[in-house]
Amino acid sequence: MSQLLTPRQAGELHKAIIAYLSSINVKSTAILQEELFIDGTFEDATRKKYEGLLERKWTSIMRLNRRIQELEATNEKLETQLQSAGTVRSHHDSTNWLPDAQPRHALQSHRDGITCMAFHPVYSSLASGSEDCTIKIWDWEYGQLERTLKGHRRPVLGLDYGGPKDQIRLASCSSDLTIKIWDPSNEYANVRTLCGHDHSVSAVRFLTPNGNLLVSASRDASIRIWDMLTGYCVRTIDSQGEWIRDIAPSLDGRYVVSAGNDRAATIWEVSSGDAVARLLGHENKIECCVVAPTASHEYLATLGPKKSHEEGLFVATGSRDSTIKLWNERGQLIKTLAGHDTWIRGLAFHGKYLLSVSDDKTIRCWDLSQDGRLVKTVRGTSTQFLSCIRWGPSLLRSGGTSHVLAIGSADSNVRVWM
């Protein structure tokens with residue numbers, strides 16, 4: 001014991017032991033006293049000072065021991081609850097997760113409204129574009145700004161990550177008529193600028209997530225296919241129409257859906273440049289379009305008077321007429337979703353749900369497994385228009401898979417839910 005205590009502490013302990021033995025009338029304490037105290041002095045006054053000290057110390061130790069046991073039991077209970085909560089959260093993330101009014105992060109740095117966003121397919125990076133002509137790169141997991149990209153001279157209107165695994169790039173487009181390619185592995189250096197459109201470039205997407213080809217849409221009513229490695233435009237599709245505001249490639253890159261001011265969406269075959277379906281039904285300009293992922297097909301196939309094939313192409317369009325329309329692989333209208341009060345600005349599929357954002361400042365959640373029923377309306381996230389929405393990549397975490405959702409607003413904030 002004396003090896004664990006200082007000499008002073010050891011002396012105090014020894015005196016307390018002798019005092020305790022004396023108090024219970026142990027007669028042979030003199031030998032022990034002689035062994036422990038070389039000077040052999042331990043007067044009655046000193047003895048009285050230490051009487052009861054050992055009992056008090058021992059009682060304190062017993063109380064502390066009980067407290068430790070109580071804390072260990074509480075800790076074990078909390079760990080069990082946390083594991084249970086984690087399992088439930090993972091389950092909700094994978095199938096039934098919907099955003100609430102409180103995002104995890106509100107990312108603030110832009111000086112004007114948010115127009116577009118894109119998630120890095122591997123890292124926890126989120127790019128946002130703004131009317132302030134800049135692109136900002138965020139760590140969405142920690143809610144931190146990593147860098148600001150300057151190069152466009154007018155508002156940034158579209159963003160997308162893509163390319164081969166070892167050559168992932170960020171593509172951006174702007175009303176300055178250009179598309180820019182940025183290299184995340186080289187501090188987001190602007191490695192190429194693509195010129196060719198005659199008016200504002202409204203949207204840009206990688207034709208396939210791991211390929212070199214980009215597809216862009218413009219106010220000049222054209223769609224262009226670009227090779228990002230060479231910078232060449234490999235195909236131009238003239239829509240013979242009006243301003244194309246949004247574009248969405250099919251999952252395999254064979255088709256591209258465009259939508260805009262002519263109140264119609266068109267499905268184009270990329271290889272031939274031919275229109276294969278014309279989606280007519282909106283009563284005002286179409287602001288956004290999106291192709292459904294495979295995870296949503298089984299639910300979309302059950303909608304409409306004539307059932308569709310699950311492996312087909314499904315499209316959602318959002319319009320200034322305040323409605324969302326769902327279309328099947330033949331270009332037939334299968335469902336109209338009404339609930340927003342004004343322009344639809346962005347759409348995102350999430351399994352059996354379709355989420356929409358609008359100038360009415362709400363997020364609306366539609367359940368495709370219940371005939372497209374509106375199951376949740378989220379208000380109060382922003383005091384201004386909600387302008388865009390994007391799902392991030394699925395993340396493998398302990399206990400299951402979770403997701404990340406980002407929504408941009410005219411109040412210059414990007415809000416992130418996880």
(request) Among the candidates Ala10, Ala16, Ala101, Ala73, single out the residue that is at pLDDT 70 or above, open to solvent by less than 80 Å² (accessible area, probe 1.4 Å) and touching a strand residue (DSSP E or B) at 6+ places or on another chain (Cβ under 9 Å). (result) Ala101
(request) Out of Leu251, Leu214, report the one residue that is surrounded by 20 or more Cβ atoms within 10 Å (Cβ to Cβ), among the aliphatic types (A, V, I, L, M) and without any contact (Cβ under 8 Å) to a residue 60 or more places away in the chain. (result) Leu214
(message) Scan the range 364-375 and tell me whether some residue there is over 20 Å from Ala295 (Cα atoms) and either in a strand (DSSP E or B) or without any contact (Cβ under 8 Å) to a residue 12 or more places away in the chain (or both).
(response) no
(request) Consider only pairs whose beta carbons are under 7 Å apart and that are at least six residues apart or on different chains; among these, list those whose first residue lies in the range 114-130 and is at pLDDT below 95 and whose second residue is part of a loop (DSSP other than H, G, I, E, B) and open to solvent by less than 10 Å² (accessible area, probe 1.4 Å). (result) Ser124/Trp140
(message) If I ask for residues that are assigned to a strand (DSSP E or B) and closer than 18 Å to Gly392 by Cβ, which ones from the range 116-135 would you list?
(response) Cys116, Met117, Ala118, Phe119, Ser125, Leu126, Ala127, Ser128, Gly129, Ile135
(request) Determine which member of the set Leu157, Leu170 is open to solvent by 30 Å² or more (accessible area, probe 1.4 Å) and either among the hydrophobic types (A, V, I, L, M, F, W, C) or within 12 Å of the chain's Cα centre (by Cα) (or both). (result) Leu157
(request) Would you mind telling me which numbered condition in (1) out of contact with any His (no Cβ under 9 Å at 6 or more places or on another chain); (2) of a type outside the set (D, E, K, R); (3) in a strand (DSSP E or B); (4) within 14 Å of Val404 (Cα to Cα) Pro103 fails? (result) (3)
(request) Among the residues of the range 342-353, count how many are assigned to a strand (DSSP E or B) and free of Cβ contacts under 8 Å to residues at least 60 places away in the same chain. (result) 5
(message) Need pairs with beta-carbon distance below 6 Å; first residue at pLDDT 90 or above and within the range 230-244, second open to solvent by 90 Å² or more (accessible area, probe 1.4 Å); sequence gap 6+ or separate chains.
(response) Trp243/Arg219
(request) Specify which of the listed residues (Thr383, Thr336) is at pLDDT 95 or above, touching a strand residue (DSSP E or B) at 6+ places or on another chain (Cβ under 9 Å) and open to solvent by 20 Å² or more (accessible area, probe 1.4 Å). (result) Thr336
(message) The conditions are (1) closer than 16 Å to Gly158 by Cβ; (2) in a helix (DSSP H, G or I), and Thr193 fails exactly one of them. Which is it?
(response) (2)
(request) Could you list, in sequence order, all residues of the range 357-372 that are more than 20 Å from Asp321 (Cβ to Cβ) and charged (D, E, K, R)? (result) Asp367, Asp371
(request) Evaluate the following for Asn210: is it polar (S, T, N, Q), modelled with pLDDT of 95 or more and part of a loop (DSSP other than H, G, I, E, B)? (result) no
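The values are calculated or read from the model by the stated rules, or taken from the named source; none is laboratory data. The shown structure was predicted, so the numbers you read here are calculated from the model rather than taken from an experiment. Because the Cβ atoms are built from the backbone with ideal geometry, glycine has one as well, and the counts that use them run over all protein chains shown. These accessible areas exclude ligands, DNA and RNA; they are computed on the full protein's heavy atoms, side chains included. Shrake-Rupley method; radii C 1.70, N 1.55, O 1.52, S 1.80 Å.
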